[in-house]
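Student: One structure coming up, written as structure tokens, with questions to follow.
The values are calculated or read from the model by the stated rules, or taken from the named source; none is laboratory data. As the structure is a prediction and not an experimental result, all values here were calculated from the model. Backbone-built Cβ (ideal geometry, glycine too); neighbour counts: all protein chains shown.
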Amino acid sequence: MTDLLTATTASTVSDAPNASPATSDAHIATPLTDARAQLAEAISLLGYGDGLHRMLATPRRELTVAVPLRMDDGSQRLYTGYRVQHNFSRGPAKGGLRYAPNVDLDEVRALAMWMTWKCALLDVPYGGAKGGIAIDPREHSTAELERVTRRYTSEILPIIGPERDIPAPDIGTDEQTMAWIMDTYSVNSGYTVPGIVTGKPISLGGSQGRASATSRGVTHIALAALRHAGLDPARSTAAVQGFGKVGADAARFLAEAGVRVTAVSDQYGAVHRSGGLDIEALADHARATGSVVGFAGGEALDGAALLMQDVDLLVPAAVEGVLHDGNAGDVLARVIVEGANGPTTPAADRILRERGVLVVPDILANAGGVIVSYFEWVQANQAYWWRADEVESRLEERMLSAWQHVLGYAEARDLSLRTAATALAVERVAEAHRLRGLYP
Ligand code: GLU
């Protein structure tokens, strides 16, 4: 099987484990330098040596594939796809598949590393992975997206599987994408393999509650974090950056919990209403027009101003690196709950901590998605389905117990929640390495 793989050798990380965390974001800050700086901090806190550090800073396996696409008009295009398996010491690799024009190998590596920590922190029996294609899905028809998905799947087929690596949705992909991956994998296997992906349509073995799981988890954590900061959610205000898979439902659930959501943005712009936006009406508008921009129930706001709103809670739920050393000093929110992966750079983390802003890190705050992915995989493997209320109560229990665990660890050691969460996760992965031993 190994011979079939055209895996690129893991690129050198000679600059990574020994490098001290950057003190400024001014130079080449990328999601990967951020992820490695966070790892370096956890490693030094835990007192682990260089050998383990190097191993955890380096993906175990990475595959870069050319993905040719026949367009509807008969012309041909070529895209580049990736699948990075950062770690599988605690179980199969697990993580989403992203379609976005700026996807590159370093971004996928960072996202895969964060998946390892997320799964370890929430104690779901997986390692971390991520995939991506550098493609703008908005420029393609459904038929083209189906062909590109099936070709990408067939290219990464040798390294995925329900016990090897299980993709899920991420930015630019959805349950239809997962259905095509499941079908392509199953046709090649000769039988139906529902455990190959999570985030599938419910009629194909998806789980109740998976589609909104990340947002539900974000909401559970946001309410707990507000209370911890001494704020009553029913008297609190929030701004949500991103109105996609995570942000839209997070805004809705927060509003349902009584939080006044005063500002929401997407990649095209933002809207604001100090009395609170009607999130249901905003969602209808966004469904009809493709954007929150132009919503009649609020005033237009500059997209960049969303992060600087005078609110109690800020939920960045879009992409990496949006809070950096150039704007973290202007954040007015008391609590930040990361719906996106990697929205806050290490330099921004330091600034926010000095200013007393409570930052709940991605690997804790947005873990609801992979928790219910795990529930979906368990259900699919057993061919036995849980009710929505069972899924939701188990999700809440896991999120809140992880929150307590991270909070207790951070308070006992005077750490930021991110450092505490990363250290707890790294410790679990290191323990698995230690118990399994180094082969040969
Ligand atoms: N893409 C999601 C994340 O970043 C979900 C991953 C999964 O369910 O495997 O956590």
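Student: Out of 74, 51, which single residue is in a helix (DSSP H, G or I), without any contact (Cβ under 8 Å) to a residue 12 or more places away in the chain and away from the ligand (no atom under 14 Å from the Cβ)? Lay out the reasoning, then the answer.
Tutor: Details: 74 fails: in a helix (DSSP H, G or I).
On inspection, the qualifying residue turns out to be 51.
Student: Scan the range 295-307 for residues that are surrounded by fewer than 18 Cβ atoms within 10 Å (Cβ to Cβ) and either free of Cβ contacts under 8 Å to residues at least 24 places away in the same chain or assigned to a loop (DSSP other than H, G, I, E, B) (or both) and report the count. Before you say what the answer is, go through the steps one by one.
Tutor: From the range 295-307, those surrounded by fewer than 18 Cβ atoms within 10 Å (Cβ to Cβ) are 296-297, 299-300, 302-305; that's our starting set.
Okay, now just the ones that are also either free of Cβ contacts under 8 Å to residues at least 24 places away in the same chain or assigned to a loop (DSSP other than H, G, I, E, B) (or both), so 296-297, 302, 304.
Result for the range 295-307: 4.
Student: Condition (residue is under 22 Å from residue 319 (Cα atoms) and touching a residue at least 60 places away in the same chain (Cβ under 8 Å)) applied to the range 175-191: is it met by at least one residue?
Tutor: Scanning the range 175-191 turns up at least one residue that is under 22 Å from residue 319 (Cα atoms) and touching a residue at least 60 places away in the same chain (Cβ under 8 Å).
Student: Condition first: surrounded by 14 or more Cβ atoms within 10 Å (Cβ to Cβ), modelled with pLDDT of 95 or more, aliphatic (A, V, I, L, M) and part of a strand (DSSP E or B). Can you find one or more residues in the range 276-294 that meet it?
Tutor: The answer is no; no qualifying residue exists.
Student: Picking from 173, 142, which residue would you name as being within 12 Å of the ligand (Cβ to nearest atom) and either at pLDDT 95 or above or over 25 Å from residue 368 (Cβ atoms) (or both)?
Tutor: Working: 142 fails: within 12 Å of the ligand (Cβ to nearest atom).
Among 173, 142, only 173 is within 12 Å of the ligand (Cβ to nearest atom) and either at pLDDT 95 or above or over 25 Å from residue 368 (Cβ atoms) (or both).
Student: Now a separate question. Those residues that are over 22 Å from residue 201 (Cβ atoms), away from the ligand (no atom under 13 Å from the Cβ) and either outside any helix (DSSP H, G or I) or among the polar types (S, T, N, Q) (or both), I need them from the range 354-384; list them, please.
Tutor: Those that are over 22 Å from residue 201 (Cβ atoms), away from the ligand (no atom under 13 Å from the Cβ) and either outside any helix (DSSP H, G or I) or among the polar types (S, T, N, Q) (or both): 355, 356, 357, 358, 359, 360.
Residue-by-condition table, conditions (1) modelled with pLDDT under 95; (2) surrounded by fewer than 19 Cβ atoms within 10 Å (Cβ to Cβ); (3) part of a helix (DSSP H, G or I):
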| site | (1), (2), (3) |
| --- | --- |
| 315 | no, no, no |
| 320 | no, no, no |
| 325 | no, no, no |
| 329 | no, yes, yes |
| 340 | no, no, no |
| 349 | no, no, yes |
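One line per residue, one yes/no per condition, for (1) over 24 Å from residue 175 (Cα atoms); (2) buried (at least 24 other Cβ atoms within 10 Å of the Cβ); (3) within 14 Å of the ligand (Cβ to nearest atom); (4) not hydrophobic (A, V, I, L, M, F, W, C):
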{"site": "65", "(1), (2), (3), (4)": "no, no, no, no"}
{"site": "70", "(1), (2), (3), (4)": "no, no, no, yes"}
{"site": "82", "(1), (2), (3), (4)": "no, yes, no, yes"}
{"site": "88", "(1), (2), (3), (4)": "yes, no, yes, no"}
{"site": "99", "(1), (2), (3), (4)": "no, yes, yes, yes"}
{"site": "119", "(1), (2), (3), (4)": "no, yes, yes, no"}
{"site": "125", "(1), (2), (3), (4)": "no, no, yes, yes"}
{"site": "129", "(1), (2), (3), (4)": "no, yes, yes, no"}
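Student: Right, another one. Out of 47, 91, 96, which single residue is more than 17 Å from residue 425 (Cβ to Cβ) and among the small types (Gly, Ala, Ser)?
Tutor: Details: 47 fails: more than 17 Å from residue 425 (Cβ to Cβ); 91 fails: more than 17 Å from residue 425 (Cβ to Cβ).
From the options 47, 91, 96, the qualifying one is 96.
Student: Separate question: Would you call residue 138 charged (D, E, K, R), in a helix (DSSP H, G or I), under 24 Å from the mean Cα position of the chain (by Cα) and under 18 Å from residue 71 (Cβ atoms)?
Tutor: Details: charged (D, E, K, R): yes; in a helix (DSSP H, G or I): yes; under 24 Å from the mean Cα position of the chain (by Cα): yes; under 18 Å from residue 71 (Cβ atoms): yes.
Yes, satisfied.
Student: I need a count of the residues in the range 252-270 that are without any contact (Cβ under 8 Å) to a residue 40 or more places away in the chain and touching a strand residue (DSSP E or B) at 6+ places or on another chain (Cβ under 6 Å).
Tutor: Adding up the residues that qualify gives 4.
Student: On to the next question. Mind checking whether some residue in the range 148-162 is within 14 Å of the ligand (Cβ to nearest atom) and either closer than 16 Å to residue 198 by Cα or within 19 Å of the chain's Cα centre (by Cα) (or both)?
Tutor: Of all residues in the range 148-162, those within 14 Å of the ligand (Cβ to nearest atom) come to 160, 162.
Right, trim to either closer than 16 Å to residue 198 by Cα or within 19 Å of the chain's Cα centre (by Cα) (or both) and you get 160, 162.
Scanning the range 148-162, I find at least one residue that is within 14 Å of the ligand (Cβ to nearest atom) and either closer than 16 Å to residue 198 by Cα or within 19 Å of the chain's Cα centre (by Cα) (or both), so the answer is yes.
Student: I would also like to ask the following. For the range 256-275, what are the residues that are within 16 Å of residue 222 (Cβ to Cβ) and surrounded by fewer than 18 Cβ atoms within 10 Å (Cβ to Cβ)?
Tutor: Taking the range 256-275 as the starting set, the residues that turn out to be within 16 Å of residue 222 (Cβ to Cβ) are 256-264.
Matches in the range 256-275: 256, 257, 258.
Student: Additional query: For the range 197-246, how many residues are assigned to a helix (DSSP H, G or I), closer than 21 Å to residue 283 by Cα, touching a strand residue (DSSP E or B) at 6+ places or on another chain (Cβ under 8 Å) and away from the ligand (no atom under 13 Å from the Cβ)?
Tutor: Total meeting the criteria: 1.
Student: Report whether or not residue 133 is under 23 Å from the mean Cα position of the chain (by Cα), within 16 Å of the ligand (Cβ to nearest atom), within 14 Å of residue 67 (Cβ to Cβ) and assigned to a strand (DSSP E or B).
Tutor: Values: under 23 Å from the mean Cα position of the chain (by Cα): yes; within 16 Å of the ligand (Cβ to nearest atom): yes; within 14 Å of residue 67 (Cβ to Cβ): yes; assigned to a strand (DSSP E or B): yes.
For residue 133, the condition - under 23 Å from the mean Cα position of the chain (by Cα), within 16 Å of the ligand (Cβ to nearest atom), within 14 Å of residue 67 (Cβ to Cβ) and assigned to a strand (DSSP E or B) - is met.
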